[in-house]
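Each remark here refers to the structure printed beneath this line.
Read-outs throughout are calculated quantities, based only on the coordinates presented, and are distinct from any laboratory measurement. Note that the coordinates shown come from a computational prediction; the quantities given were computed from them, not determined experimentally. Neighbour counts run over all protein chains shown; Cβ positions are idealised from the backbone, glycine included.
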Amino acid sequence: MSERPLPRHVAIIMDGNGRWAKRHKLQVALGHRKGVETLRAIIRESSDIGIESLSLYAFSTENWRRSPEEVAALMGLLLEYFTSEIDELDEKNVRIRILGDKDGMPDKQRAALINAEERTKTNTGLNLNIAINYGGRAELVRAAQRLAEKAAKGEIRPGDITESTLADELYTAGQPDVDLLIRTSGEMRLSNFLLYQCAYAEFEFPAVLWPDFDLAAYHEALDAFRHRDRRFGGRNS
Ligand code: IPE
Ligand code: IPE
Ligand code: MG
């Protein structure tokens, strides 16, 4: 089979920071900090090789269940990241979008997220989607509410709602469906990530923990994708 092109949209569930920290007898916050280094490298590489959209799962609506110390460490890292990286990302022509409920974030973090989106909104390079306070079901509920509001105002009729008008109400509006979903650390579940957008995604579950996921591992996943036989319900040949 001939190789297909690179995926247009790559989604990554960055998992395994906690186990990495434990393995190295470090506090969990240091696992997350090390994970940010991986994230930097993967974003840079994605931009360099011409990936159209990269969606990274950074914090789920369920992650608030973790200890106050861990949540505080993650919020601190988020703020640090969005303050220190924004210049470089902007220079690289990266357009940042936040997937998730920004209103449910603490004030400082919310301001930093809004600033990152505003600052990069005219950029035309990599679409970098960072999922923060994100849940796939909540995203679908939000889309349903927005469509219902339009219907209630008489702007659309219920029968006008299609797969594409629904997709237009998702955080990823205007971007292609996920082609390749990677989840590190060997876990094989979606954990409520991009449920609608992953309908026909190919999955890769490398065993490596996120802080150890390097460019070689990333290219392995991309190469595996290029050899997949995607059928979308039809038949090839
Ligand atoms: C993923 O690493 C990062 C976040 C959820 C923020 P984990 O912290 O879930 O790592 P494990 O699963 O405990 O190893
Ligand atoms: C999913 O990982 C969320 C992120 C990577 C941000 P979790 O570690 O929170 O998921 P579960 O609890 O193992 O399903
Ligand atoms: Mg985990």
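How far apart, in nm, are two points set 7 Å out from the Cα along the Cα-to-Cβ line at I156 and at R235?
Going from the I156 label point to the R235 one covers 3.6 nm.
Nothing charged except the Cβ atoms of Lys and Arg (+1) and of Asp and Glu (-1): what's the magnitude of the dipole of the chain about its Cα centre? Round to the nearest 20 debye. Numbers along the way, then the final one.
Values: 33 positive and 37 negative charges, 107 e Å.
Once rounded to the nearest 20, the dipole reads 520 debye.
Hey, can you grab everything whose amide H is under 5 Å from the amide H of E202? Only 5+ residues off in sequence or another chain; H modelled, so Pro and N-termini drop out.
Under 5 Å from the amide H of E202: L180, L181.
What whole-number distance in Å separates the alpha-carbon centres of segment 97-130 and segment 2-27?
22 Å
Given Cβ point charges of +1 (Lys, Arg) and -1 (Asp, Glu) and nothing else, what value in debye, to the nearest 20, does the dipole of segment 7-144 about its Cα centre take? Numbers along the way, then the final one.
Values: 21 positive and 20 negative charges, 99 e Å.
My answer is approximately 480 debye.
At 0.36 nm per residue, minus the direct Cα-Cα distance, what do S2 and D107 gain on full extension? Give it in nm, one decimal, please. List each step's numbers first, then the result.
Values: separation 105, 0.36 × 105 = 37.80 nm, distance 5.02 nm.
Separation in residues times 0.36 nm, less the Cα-Cα distance, equals 32.8 nm.
Hey, if you put +1 on the Cβ of every Lys and Arg and -1 on every Asp and Glu Cβ in the chain, which of S47, S60, W210 ends up farthest toward the positive end of that dipole?
Farthest towards the positive end: S60.
Can you return the aspartates and glutamates within cross-link range of K102? Criterion is Cα-Cα under 17 Å, with same-chain partners fewer than 8 residues away left out.
Cα-Cα hits under 17 Å: E62, E80, E117, E118, E139, E169.
Towards the positive end of the charge dipole of segment 79-207, with charges on Cβ (+1 Lys, Arg; -1 Asp, Glu), say which of Q197, A116, P158 has the farthest Cα.
Towards the positive end, the residue furthest out is P158.
Quick one: plug the Kirkwood hydrodynamic radius of segment 141-194 (C-alpha pairs) into Stokes-Einstein at 37 °C, 0.692 mPa s, and report D in µm²/s.
On the way: Rh = 13.3 Å.
Using the Kirkwood radius from Cα pairs, D works out to 247 µm²/s.
What is the distance, in nm, between label points placed 7 Å from the Cα along the Cα-to-Cβ direction at A72 and at R228?
It is 4.1 nm.
When the helices in the chain are scored as -39500 (n - 2.57) per DSSP H run of 4 or longer and the sum is shared across all residues, what 222 nm value do you end up with, to the nearest 500 deg cm²/dmol? Walk me through the intermediate numbers first.
Values: 8 runs with 99 residues, N = 237.
Only helices count here, giving -13000 deg cm²/dmol.
What are the lysines whose alpha-carbon lies under 26 Å from the alpha-carbon of K25, with same-chain residues fewer than 8 places away excluded?
K34
Ranking request for peptides 201-208, 147-154: highest mean number of other beta-carbon atoms within 10 Å first, then the rest in descending order. Intermediate values should be presented prior to the final figure.
Values: 201-208: 17.8, 147-154: 12.4.
Output ranking for 201-208, 147-154: 201-208, 147-154.
Nearest 0.05, what FRET efficiency do S84 and A144 give at R0 = 41 Å with Cβ-Cβ as r? Mind showing how you got there, number by number?
Numbers: r = 37 Å, r/R0 = 0.91.
With R0 = 41 Å, the Cβ-Cβ based efficiency is 0.65.
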